[in-house]
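Taking it in order: structure first as structure tokens, then the write-up.
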Amino acid sequence: MAKRVLVLNGPNLNLLGTREQDIYGTQTLKDVEALCKQAGIELGLSIDCRQSNHEGVLVTWIQDGCKTADAILINPAAYSHTSVAIHDALKAVRLPVAEVHMSNIHQREAFRHHSYVSAVAFGVICGFGVAGYRMALIALAEKLN
Ligand code: CA2
């Protein structure tokens, strides 16, 4: 059976492609989700994409992940830099986690340099735009096989 990857996108990523195109590019969240589904087909993974602007919703989806997923790919967006709750939820589910950021967070404001998620992720990809999602799925497929 295909391994299942839960792809989570955090707050404001529903606005992708509509503003701040100099930082995040022109592709929309729909485009990112289509890219993930296509990569899933190529890699033999079943992909479930979700986005929320709410921390608690993301925490619940992560908790449910132990029943519905074999791995989690997450772009926690601004919650990367603030959320102990998301850190704790990811730690609790004990699934392999890949963290993705489209921009190079280390080249940006100091408050973006630390992510609470990185400590519970097996890998972090940043700075490669939306291609980072595909890279993370390749890494997860290898990890799961
Ligand atoms: O580079 C990334 O992927 C980020 O996770 C994106 C977050 C930011 O807070 C992180 O520091 C780095 C921001 C997502 C907001 O995306 C928007 C897209 C278009 C217009 C407005 C916001």
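Remarks
- Selection count, the stretch 81-93, where residues are closer than 23 Å to Gln21 by Cβ and more than 10 Å from the ligand (Cβ to nearest atom): 0
- Scanning the stretch 1-43 for residues that are within 9 Å of the ligand (Cβ to nearest atom) and part of a strand (DSSP E or B) gives a single hit, Asn9.
Quick grid of which residues meet (1) small (Gly, Ala, Ser); (2) more than 22 Å from Arg134 (Cβ to Cβ):
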site	(1), (2)
Gly17	yes, no
Val32	no, no
Asp64	no, yes
Leu73	no, no
Ile86	no, yes
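- Every residue from the stretch 82-129 that is closer than 27 Å to Thr26 by Cα and more than 15 Å from the chain's Cα centre (by Cα): Thr82, His106, Gln107, Arg108, Glu109, Ala110, Phe111, Arg112, His113, His114
- Every condition in (1) among the small types (Gly, Ala, Ser); (2) in contact with a Leu (Cβ under 8 Å, 6 or more places away or on another chain); (3) at pLDDT 95 or above is met by Gly65 except one, and the failing one is (3).
- Every residue from the stretch 69-80 that is over 22 Å from Asn14 (Cβ atoms) and either within 16 Å of the ligand (Cβ to nearest atom) or not hydrophobic (A, V, I, L, M, F, W, C) (or both): Asp70
- Across the stretch 94-115, the qualifying residues are those that are more than 10 Å from the ligand (Cβ to nearest atom) and farther than 26 Å from Lys67 by Cα, and the one among them that is surrounded by the fewest Cβ atoms within 10 Å (Cβ to Cβ) is Ala110.
- Residues in the stretch 61-81 that are more than 13 Å from the chain's Cα centre (by Cα) and open to solvent by less than 60 Å² (accessible area, probe 1.4 Å): Asp64, Gly65, Ala69, Asp70, His81.
The values are calculated or read from the model by the stated rules, or taken from the named source; none is laboratory data. Source: prediction; values computed, not measured. When we count neighbours, we look across all protein chains shown, and the Cβ atoms used for this are built from the backbone with ideal geometry, even at glycine. Only protein heavy atoms, including side chains, enter the accessible area calculation; ligands, DNA and RNA are left aside. Shrake-Rupley method; radii C 1.70, N 1.55, O 1.52, S 1.80 Å.
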